[in-house]
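Below: the structure, in structure tokens.
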Amino acid sequence: MQLAKSLQAIKPSYIREILSVANSADVISLAGGLPDGEHFPLALMEQSIQQLTTRSELFQYGSTAGYGPLLAYFRECYQLSDQQDALVCTGSQQGLDLIARAFLDAGDKVVMEAPSYLGALQVFGLAQASIESIQQREDGPDLQELEQCFANNTIKMFYAVPDFHNPTGVCWSLEVRKKVALLCQQYNVALIEDAPYRELRFAGTELPLVSSFCPEQAIVLRSYSKIATPGIRLGLVSGPKNWISALERVKQGADLHSSQPMQAVLLDLLQHEDFPKHLDGLRQLYRQRYQYLADLLTAKLPDNCQFEPVEGGMFIWLRLPECNVDNLAKDMLAVGVAVVPSSVFYQSEVGKGAAFRLNFTNACHADLLLAVNRLAQVLKSIKG
Ligand code: PMP
């Protein structure tokens with residue numbers, strides 16, 4: 001059977017090639033975007049999971065919007081207004097897909113920062129959207145470029161990851177957040193704020209969601225993959241009622257609803273008295289790993305390899321002198337370390353530069369040390 005044209009246009013990702021070898025025993029992987037599996041809050045979930053067999057109603061079909069008690073909890077916890085609704089989705093990735101299906105026709109313009117989250121590039125690519133790339137600076141998108149782009153085009157939505165961006169770790173400043181919200185209002189652009197790393201802040205102070213400055217035209221995507229576990233596949237979309245109701249209609253056709261037993265377990269977990277302690281522990285663990293990796297990179301890599309410090313999330317963006325990053329990532333694999341080359345995160349030439357995304361949350365100190373030694377061995381050979 002012939003593939004749909006929308007899929008034909010999408011090239012198989014090079015990242016899959018890397019990830020397929022990254023799991024072999026002699027390779028240390030800093031390539032995935034994985035939280036640390038040894039620190040999943042399974043003990044806090046144990047009782048709730050055991051009790052599931054006594055709650056047969058959870059195993060019946062449920063409502064598309066989500067498990068009622070969980071939705072009520074979210075409504076209160078995220079202080080949704082009467083004009084807003086929420087919808088539980090099968091990972092925040094499904095939320096993104098629902099948004100594309102509900103609101104995008106082929107050729108509609110979507111603005112993204114360059115570089116961008118690969119999963120969003122895939123969703124918008126499948127939707128045959130036309131992507132406008134805006135360069136990312138140290139404190140968020142280049143505002144001049146963004147305003148020009150909004151002014152010169154009919155833009156449907158701006159997709160952004162303002163807290164600890166994937167792949168760069170950048171966190172938008174307060175000024176940038178306010179200005180972007182203002183521009184979205186001024187040019188009537190919907191803001192899609194993807195916030196899976198928001199709770200993983202391990203330094204600095206929390207900043208308001210960008211959408212809090214323009215709630216009437218923003219959708220927020222939240223994920224429970226990083227603070228609970230990715231395997232439960234639960235996320236949340238919230239925003240203006242009529243938009244969420246459109247997403248609900250699409251979700252009906254996609255999977256009817258997300259797993260109710262898992263939603264009940266997630267609710268118990270979020271309300272568990274020891275959950276805040278779990279989160280604190282996670283942040284502390286990730287802070288230590290980040291600091292350890294950052295110190296090693298500074299000490300062991302040549303001066304032409306640089307990175308900006310991050311205050312949370314899961315990634316360091318290691319900038320390199322101009323080179324073929326795909327080949328260099330293959331050289332890294334050959335010496336036993338997997339990283340993701342920057343090339344996969346760009347949709348066009350805008351802002352393109354040589355870099356590796358390094359994940360620091362899923363490797364112990366000993367593995368981080370080995371990985372940096374291997375990186376250093378290859379990187380000292382590139383000039384620039
Ligand atoms: N958005 C971003 C920016 C991500 O990095 C990820 C995955 N790491 C997702 C969305 C999807 O997360 P999930 O579907 O597991 O909630």
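For the cross-link pairs K11/K380; K226/K300; K156/K251; K179/K251, which exceed 23 Å when the distance is taken from alpha carbon to alpha carbon?
Exceeds cut-off: K11/K380; K226/K300; K179/K251.
Output the relative contact order of the chain, whole-number percent, from Cα pairs under 8 angstrom with separation of 6+ residues.
Taking the mean separation of contacting Cα pairs over the length of the chain, I get 25 percent.
Where nothing but the Cβ of Lys and Arg (+1) and of Asp and Glu (-1) is charged, how large is the charge dipole of the stretch 121-165 around its Cα centre, in debye to the nearest 20?
260 debye
Using alpha carbon centroids, what distance separates the stretch 331-356 and the stretch 238-253, in Å?
36 Å
Name the residue from I15, G66, Q51 whose Cα lies farthest towards the positive end of the charge dipole of the stretch 1-125, charges +1 on Cβ of Lys and Arg and -1 on Cβ of Asp and Glu.
It is I15, whose Cα lies furthest towards the positive end.
At a 1.4 Å probe radius, which order do D139, D303 fall into by accessible area, largest first?
Result of the area sort, largest leading: D303, D139.
Over the chain, average the accessible area per residue using a 1.4 Å probe and give it in Å², no decimals.
Value returned for the chain: 45 Å² of accessible area per residue.
Of all accessible surface on the chain at a 1.4 Å probe, what whole percent is carbon and sulfur?
Ligands and nucleic acids excluded, carbon and sulfur give 50 percent.
Residues with beta-carbon under 12 Å from that of F40, excluding F40: net charge, scoring Lys, Arg +1 and Asp, Glu -1?
Result for the local shell: -2.
Taking the alpha-carbon distance from K109 and a cut-off under 14 Å, which aspartates and glutamates remain once sequence neighbours fewer than 8 residues away in the same chain are dropped?
Counting by Cα, and skipping residues close in sequence, K109 has these aspartates and glutamates nearby: E132.
For N166, list long-range residues whose amide hydrogen, built 1.01 Å from N in the peptide plane, is under 5 Å from its own amide hydrogen.
none
Within the set of other residues whose C-beta is less than 15 Å from the C-beta of M262, count the net charge using Lys and Arg as +1 and Asp and Glu as -1.
Residues close to M262 contribute a combined charge of -2.
With each pseudo-label sitting 7 Å past Cα toward Cβ, what's the D303-L270 distance in nm, one decimal?
Result: 5.0 nm between the two label points.
Quick check on the chain: helices-only [θ] at 222 nm, where DSSP H runs of length 4 and up contribute -39,500 (n - 2.57) each and the sum goes over total residues. Nearest 500, please.
Here the helix-only value at 222 nm equals -12500 deg cm²/dmol.
Taking the Cα centre as origin and putting +1 on Lys and Arg beta-carbons and -1 on Asp and Glu beta-carbons, what dipole magnitude results for the chain, to the nearest 20 debye?
My answer is approximately 560 debye.
Residue by residue through the stretch 289-304, which ³J(HN,Hα) values in whole Hz follow from phi under the Karplus form 6.51 cos²θ - 1.76 cosθ + 1.60 (θ = phi - 60°), with glycine and proline marked x?
5, 4, 4, 4, 5, 4, 5, 5, 4, 5, 6, 10, 8, x, 5, 7
Under a 1.4 angstrom probe, counting protein chains only, how are E132, E206 ranked by accessible area, largest first?
Sorted by accessible area, descending: E206, E132.
Which one, C305, L269, Q377, projects farthest toward the positive side of the charge dipole computed for the chain from Cβ point charges (K/R +1, D/E -1)?
Q377
Applying the Karplus parametrisation 6.51 cos²θ - 1.76 cosθ + 1.60 with θ = phi - 60° to the phi angles of the stretch 150-155, what ³J(HN,Hα) value in whole Hz is obtained for each residue in order, glycine and proline being reported as x?
Rounded to whole hertz, the list is 5, 6, 9, 9, 8, 9.
With charges set only on the Cβ (+1 for Lys and Arg, -1 for Asp and Glu), what does the dipole of the stretch 267-384 come to about its Cα centre, in debye to the nearest 20?
Dipole magnitude for the stretch 267-384 comes out near 420 debye.
Residue by residue, what Karplus-based ³J(HN,Hα) values in Hz, rounded to whole numbers, does the stretch 73-89 have, using 6.51, -1.76 and 1.60 with θ = phi - 60° and x for Gly and Pro?
Karplus-based 3J(HN,Hα) across the stretch 73-89 equals 4, 5, 4, 6, 4, 9, 6, 6, 7, 5, 8, 10, 9, 9, 9, 7, 10 Hz.
The values are calculated or read from the model by the stated rules, or taken from the named source; none is laboratory data. Every value quoted in this text rests on a predicted model; they were computed, and no experiment measured them. No Cβ is skipped: glycine too gets one built from the backbone with ideal geometry, and neighbour counts run over all protein chains shown. Ligands, DNA and RNA are excluded from the accessible area calculation, which covers all protein heavy atoms including side chains. Shrake-Rupley method; radii C 1.70, N 1.55, O 1.52, S 1.80 Å.
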